[in-house]
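Notes follow the structure.
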Amino acid sequence: MTVTVLPPPDWRQVSTGLDPVPGRPNTFSAPDFDTLYDCPILIGDQEILTFEAAGRPHTVAAYDLGSVDRAKFTGDLKKIVEAAADLMGELPYRHYTFLVIGPGGGGLEHLNSTAVTLNPGSLGTPRGYQSWLCFIAHEYFHLFNVKAIRPVALGPFDYDRENYTNMLWFSEGVTVYYEFVLLNRAGLMTRDEVLERLGSTIADYENAPGRLHQSATLSSFDTWTGFFGRSEHAANTTISYYDIGCGLGLLLDLKIREASKGRSSLDDVMRTLYRTFYKDKKRGFTDREFRDVCERAAGVSLGEIFDVYATTVERWDYAKYLGYAGLAIDVEPRPVPGPWFGASTQDQNGNILVATVEPDSPASLAGLCAQDEILAIDGTRVAQRSFSGTLNAHKPGDKVKVLYARRGGVRETELVFGTKIERTFKITPLANVTAQQRALFDAWLLF
Ligand SMILES: [Zn+2]
């Protein structure tokens, strides 16, 4: 099938992953409906950058790149593409297009393109720029992990109904894990930075109240009913399969490397899944087939990871797995500096509405609930824009009177600020490591 785009006269660019039809301007072809549906088209006055990587042409079509250094940006993208090509052994496309569609949040992956949002102001710091590269690497790597390497439920799609799978922790979370691995191999993220980002990702799900209620597989399965349509209870009862899947990817990679004595890694799992299911069988894999590929790479049973960590809310033995690479992880509960209120709030027409209440927090003990409107603290009217400042002016142990409205009635309660206890999950090298631990670490992260 072919598509011809007729843009308004002052919209000079048409950008898409579809193949152009020679000799026919703004006309593109697709071999089937799924391919057509998988190729967004950006029409407008966007800036076009091009580069070649691993022998293939790549295009960046950007609504607004701000003041980012174009040569550095395309050079860094080239390194990421080449790191992915090295990992997987080939690139399964003839051309690839990065559609940078404007301010917002999020992106979507496709077989030979990705549509990503960008707030140019976020690129001003080295950390912000690196996070942007992580995000692009994530959407790019999805061309392998999710578009090609995929659970059976994720393609070919039945567009008429939900497509349930237990495996989004792998499809999304392990893609997060590979953001860091790819940037490290591309020379764009140091070992220390990888460990810092892994530790903070682990802290994000381990410190979330939902960690005690929802496993990685349940989080994956329930996404159709919960993840993107979050209710006020979601923050306390659910976790992100992006975050916990990254943790599972880390454990799988370290365990496979350790058990196989360095002969295999998660990279081999990715290559085997790609070759066996995408290229040979031309279908997705079942949960069991995925586990079999992992266990063959490791040469041992991975029951602890699959039967316990992925499917229950049991605590993980991080120290054991990180120890394989000569690393320690700080799992000691520690006080977080500053006063703990224990509820998040949102602005509703200038009013402060409680969005979520953490279990056993000061806000919870004071009886506050989601949807309560906070009117005053100690007799002084409060506003959303200055609310965090109001809270932070207190110290743990301070007592305040909170005036709030609930369902038309006005109530007052006493709240005692507390001290939040969290674990940092900061990952650091052990003081003394064996040659085997050192070798695993050196083979895993490059510099
Ligand atoms: Zn993703």
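Normalised by the number of residues in the stretch 67-171, what is the relative contact order in percent for Cα pairs under 8 Å and 6+ residues apart? Mind dumping the intermediate values first?
On the way: 92 pairs, mean separation 20.4, N = 105.
Normalised by residue count, the contact order of the stretch 67-171 is 19 percent.
Report, in cubic angstrom per residue, the convex hull volume of the C-alpha atoms of the stretch 2-122.
Working: hull volume 15.1 nm³, N = 121.
Cα-based convex hull of the stretch 2-122, divided per residue, equals 124 Å³.
Tell me the angle of helix 191-206 to the major Cα principal axis of the chain, expressed in degrees between 0 and 90 and rounded to the nearest ten.
That helix lies at roughly 50 degrees to the long axis.
Considering the dipole of the stretch 2-122 built from charges on the beta carbon (Lys and Arg +1, Asp and Glu -1) around the Cα centre, which of Gly17, Leu111, Gln46 is farthest to its positive end?
The one lying farthest along the dipole's positive direction is Gln46.
Select from Gly408, Gly187, Gly350 the residue whose mean-square fluctuation is largest in a Gaussian network model of the chain (Cα-Cα springs shorter than 10 Å).
Gly408
Round to the nearest 10 and give me the degree value, 0 to 90, for the angle of helix 174-185's Cα axis relative to the longest principal axis of the chain.
That helix lies at roughly 70 degrees to the long axis.
Over the stretch 289-403, average the accessible area per residue using a 1.4 Å probe and give it in Å², no decimals.
Numbers: 5590 Å² over 115 residues.
The answer is 49 Å² per residue.
Say a paramagnetic label sat at a point 7 Å from the Cα of Leu365, along Cα to Cβ; which residues of the stretch 398-415 have their backbone N under 17 Å from it?
Output list for this probe position: 398-402, 413-415.
Taking H as built 1.01 Å from N, whose amide H comes closer than 5 Å to the amide H of Ala328, not counting residues under 5 places away?
Thr428, Leu430
Among Ala376, Ala355, Ser344, flag the residue with its Cα farthest along the positive direction of the charge dipole of the stretch 335-422, charges on Cβ as +1 for Lys/Arg and -1 for Asp/Glu.
Result: Ala376, furthest along the dipole toward the positive end.
Can you give me the % of accessible surface on the stretch 151-256 that is carbon or sulfur? Probe 1.4 Å, all protein chains present, nothing else counted. Spell out each step's value before the answer.
Working: 1980 of 3770 Å².
The computed percentage sits at 53.
Over the stretch 2-122, with the other protein chains present, what is the accessible area per residue in square angstrom, probe 1.4 angstrom?
Details: 5870 Å² over 121 residues.
That works out to 49 Å² for each residue.
Could you state the accessible area per residue of the stretch 143-217 in Å², with a 1.4 Å probe and every protein chain left in place?
Numbers: 2410 Å² over 75 residues.
Heavy-atom accessible area per residue stands at 32 Å².
Suppose R0 equals 51 Å; then what is the FRET efficiency for Leu212 and Arg438 from their Cβ-Cβ distance, rounded to the nearest 0.05?
Working: r = 36 Å, r/R0 = 0.71.
Step by step, r from the Cβ atoms, then E = 0.90.
Just the number, please: carbon plus sulfur as a percent of the accessible area of the stretch 2-122, 1.4 Å probe, no ligands or DNA/RNA counted. Walk me through the intermediate numbers first.
Working: 3190 of 5870 Å².
Carbon with sulfur: 54 percent of the solvent-accessible area.
Label Glu193 and Asp45 with points 7 Å out from Cα along Cα→Cβ: what is the distance between them in nm?
3.5
Using a cut-off of 14 Å between beta-carbons, work out the net charge of the residues near Val3 (Lys and Arg +1, Asp and Glu -1, Val3 not included). Mind dumping the intermediate values first?
On the way: positive: Arg24; negative: Asp19, Asp32, Asp38.
Combined, the nearby Lys, Arg, Asp and Glu give -2.
Mind giving me the FRET efficiency for Ala376 and Thr419? R0 is 30 Å, r the Cβ-Cβ distance, nearest 0.05 is fine.
Using R0 = 30 Å, I get an efficiency of 0.80.
So between Arg12 and Arg385, what do we pick up on full extension, going 0.36 nm a residue minus the alpha carbon distance? Don't skip to the end; give the middle numbers.
On the way: separation 373, 0.36 × 373 = 134.28 nm, distance 4.18 nm.
That works out to 130.1 nm of additional length.
Where a ≥ b ≥ c are the square roots of the eigenvalues of the C-alpha gyration tensor, would you call the chain rounded, which needs a/c under 1.5, or, failing that, prolate if a/b is larger than b/c, or oblate? Walk me through the numbers before you get to the answer.
On the way: a/c = 1.84, a/b = 1.29, b/c = 1.43.
Because a/c hits 1.5 or more and a/b fails to exceed b/c, the chain counts as oblate.
Per 10 Å bin, what is the whole-percent P(r) computed from every C-alpha pair distance within the stretch 88-170?
Calculated over all Cα pairs of the stretch 88-170, the distribution is 16, 40, 33, 11, 0 percent.
By the scheme Lys and Arg +1, Asp and Glu -1, what is the net charge of all other residues having a beta-carbon under 15 Å from that of Phe387? Could you put the intermediate results ahead of the total?
Values: positive: Arg381, Arg385; negative: Asp347, Asp372, Glu373, Asp378.
Residues near Phe387 contribute -2 overall.
Relative contact order for the chain using alpha-carbon pairs under 8 Å, separation at least 6, rounded to a whole percent? Walk me through the numbers before you get to the answer.
Working: 810 pairs, mean separation 53.2, N = 447.
For the chain, the relative contact order is 12 percent.
With both partners inside the chain, how many of the DSSP beta bridges are antiparallel, as a percent to the nearest 5?
For the chain, the DSSP antiparallel bridge percentage is about 80.
Taking the Cα-to-Cβ direction at Tyr159 and at Lys72 and moving 7 Å from each Cα, how far apart do the two end points lie in nm?
Calculated label separation equals 4.2 nm.
How high is the relative contact order of the stretch 2-122, in percent, with contacts defined as C-alpha pairs under 8 Å that are six or more residues apart? Walk me through the numbers on the way to the answer.
On the way: 211 pairs, mean separation 28.2, N = 121.
Value for the stretch 2-122: 23 percent.
Across the chain, where is the longest run that never hits trypsin sites (Lys or Arg not before Pro) in a DSSP loop with at most 10 other C-beta atoms within 10 Å? Please report the intermediate quantities before stating the final value.
Details: sites that count: Arg94, Arg161, Lys282, Arg407.
My reading of the result: 283-406 is the longest stretch.
Can you give me the pair-distance distribution of the stretch 7-75, C-alpha pairs, 5 Å bins, whole percents?
3, 14, 20, 23, 22, 12, 5, 1
Counting only helical runs of four or more DSSP H residues, what would the 222 nm mean residue ellipticity of the chain come to if each run contributes -39,500 (n - 2.57) and the total is spread over all its residues?
Values: 14 runs with 146 residues, N = 447.
The helix contribution divided over the chain gives -9500 deg cm²/dmol.
Under the Karplus relation 6.51 cos²θ - 1.76 cosθ + 1.60, θ = phi - 60°, what is the ordered set of whole-Hz ³J(HN,Hα) values for the stretch 49-66, x standing for Gly and Pro?
Karplus-based 3J(HN,Hα) across the stretch 49-66 equals 10, 10, 7, 10, 8, 6, x, 10, x, 10, 10, 10, 10, 10, 5, 7, 8, x Hz.
Once the dipole of the stretch 135-268 is set up with Lys and Arg at +1 and Asp and Glu at -1 on Cβ about the Cα centre, which of Thr225, Tyr164, Gly262 lies farthest towards its positive end?
Gly262
Compute the distance from the alpha-carbon center of the stretch 193-209 to that of the stretch 274-335, in whole Å.
Going from one Cα centre to the other spans 17 Å.
The values are calculated or read from the model by the stated rules, or taken from the named source; none is laboratory data. All of these numbers come straight from a predicted model, not from anything done at the bench. Glycine also receives a Cβ, built like all others from the backbone with ideal geometry; neighbour counts cover every protein chain displayed. Remember, those area values only see protein heavy atoms, side chains included, never the ligands or the DNA or RNA. Shrake-Rupley method; radii C 1.70, N 1.55, O 1.52, S 1.80 Å.
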